[in-house]
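Right, one structure below, let's go through it.
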Amino acid sequence: MSYVKNGRGYLCSGTLINDIANSRIPYFLTANHCIDNQAAASSLQTWWFYRSSACNQKNASSSQKILRNGAVLLQASENGDFSLLRLNDAPPAGAIFSGWDSNPAAIGQSLVGIHHPAGDLQKISFGTLDSYANCDPIKGSNSFTCQLTYNEKITTTYYYLKWQRGTTEGGSSGSGLFKDGRLIGVLYGGNGSCPPSERTSVYGKFSSILPSLGAW
């Protein structure tokens with residue numbers, strides 16, 4: 001994703017998401033800290049099939065497409081850090097409408113992130129759910145603080161992940177977290193620059209977001 005907000009250009013990631021009716025309406029899920037107003041949504045351009053031509057190659061696939069006509073902002077919230085958009089263009093042929101799972105993931109479960117770190121070609125990262133979290137932004141900065149818990153009975157809004165392979169970076173924000181091929185989270189932020197043993201990311205839980213998306 002590329003878009004303009006407050007006169008500056010930004011990069012983020014997002015996920016084309018299906019609805020229960022399988023209507024193929026182009027709903028697009030990303031982070032609230034990426035797009036939180038209609039002006040930014042109207043400026044949105046999305047890159048599709050922006051990935052390498054083959055495994056471990058740095059050349060972009062010739063199949064990439066760009067949609068330039070923006071989106072309609074349907075719902076956005078700082079709580080869970082999500083925004084639901086409806087693209088003004090139909091996705092290109094071959095684009096996948098992601099399924100989703102409204103059941104919370106379990107501690108220790110293996111999960112996958114798919115994203116575009118720093119606007120790079122599509123990457124995949126492999127990690128494990130370390131704990132649940134409630135998080136709040138720190139005023140006047142791009143940082144946030146989280147209170148972690150291992151108790152699944154405590155109401156939480158975020159997942160706290162530790163990576164075994166790969167990580168997330170700026171530009172990955174808004175990307176999807178997947179369990180068994182289905183979306184379960186939206187990237188809030190993380191420690192992409194830490195040593196490999198300490199790389200962590202925080203995702204808004206789709207199970208917490210879903211009640212706000214009922215109209216769609």
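Quick notes on this structure:
- Flag for residue 176 being under 24 Å from residue 57 (Cβ atoms) and buried (at least 16 other Cβ atoms within 10 Å of the Cβ): yes
- Scan of the stretch 72-111 for residues that are among the charged types (D, E, K, R), under 15 Å from the mean Cα position of the chain (by Cα) and open to solvent by 40 Å² or more (accessible area, probe 1.4 Å), ordered by number: 78
- Checklist (1) in contact with a helix residue (DSSP H, G or I) (Cβ under 8 Å, 6 or more places away or on another chain); (2) in a loop (DSSP other than H, G, I, E, B); (3) within 30 Å of residue 49 (Cβ to Cβ) applied to residue 96, failing item: (1)
- Complete set of residues in the stretch 112-164 that are touching a Cys at 6+ places or on another chain (Cβ under 6 Å) and aliphatic (A, V, I, L, M): 133
- Checklist (1) open to solvent by 20 Å² or more (accessible area, probe 1.4 Å); (2) outside any strand (DSSP E or B); (3) hydroxyl-bearing (Ser, Thr, Tyr) applied to residue 168, failing item: (1)
- Residues in the stretch 1-33 that are in contact (Cβ under 8 Å) with a residue 40 or more places away in the chain, assigned to a loop (DSSP other than H, G, I, E, B) and among the aliphatic types (A, V, I, L, M): 1, 25, 31.
- Evaluating residue 49 against the criteria (1) surrounded by fewer than 16 Cβ atoms within 10 Å (Cβ to Cβ); (2) over 21 Å from residue 206 (Cα atoms); (3) more than 17 Å from the chain's Cα centre (by Cα) leaves one unmet condition, (3).
- Residue satisfying all of: in the stretch 112-152; touching a residue at least 24 places away in the same chain (Cβ under 8 Å), over 18 Å from residue 206 (Cα atoms) and among the aliphatic types (A, V, I, L, M); least open to solvent (accessible area, probe 1.4 Å) among these: 121
- Scoring residue 39 on the criteria (1) open to solvent by 30 Å² or more (accessible area, probe 1.4 Å); (2) among the aliphatic types (A, V, I, L, M); (3) assigned to a loop (DSSP other than H, G, I, E, B) leaves a single failure, condition (3).
- Condition check for residue 89: of a type outside the set (A, V, I, L, M) and within 18 Å of residue 176 (Cβ to Cβ): no
- Check on residue 69, touching a helix residue (DSSP H, G or I) at 6+ places or on another chain (Cβ under 7 Å), surrounded by fewer than 19 Cβ atoms within 10 Å (Cβ to Cβ), not in a strand (DSSP E or B) and not hydroxyl-bearing (Ser, Thr, Tyr): no
- Looking only at the stretch 179-216, and only at residues there that are charged (D, E, K, R) and at negative phi, the one that is most open to solvent (accessible area, probe 1.4 Å): 182
Listed here are the residues, each with its yes/no results for (1) among the aliphatic types (A, V, I, L, M); (2) in contact with a Leu (Cβ under 9 Å, 6 or more places away or on another chain); (3) free of Cβ contacts under 8 Å to residues at least 40 places away in the same chain.
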| residue | (1), (2), (3) |
| --- | --- |
| 154 | yes, no, yes |
| 167 | no, no, no |
| 171 | no, yes, no |
| 202 | yes, yes, no |
| 216 | no, yes, no |
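The values are calculated or read from the model by the stated rules, or taken from the named source; none is laboratory data. Bear in mind the structure is a predicted one, so any value in this text is a computation, not a measurement. Glycine also receives a Cβ, built like all others from the backbone with ideal geometry; neighbour counts cover every protein chain displayed. Note: accessible area is taken over every heavy atom of the protein model, side chains too, but ligands, DNA and RNA are not part of it. Shrake-Rupley method; radii C 1.70, N 1.55, O 1.52, S 1.80 Å.
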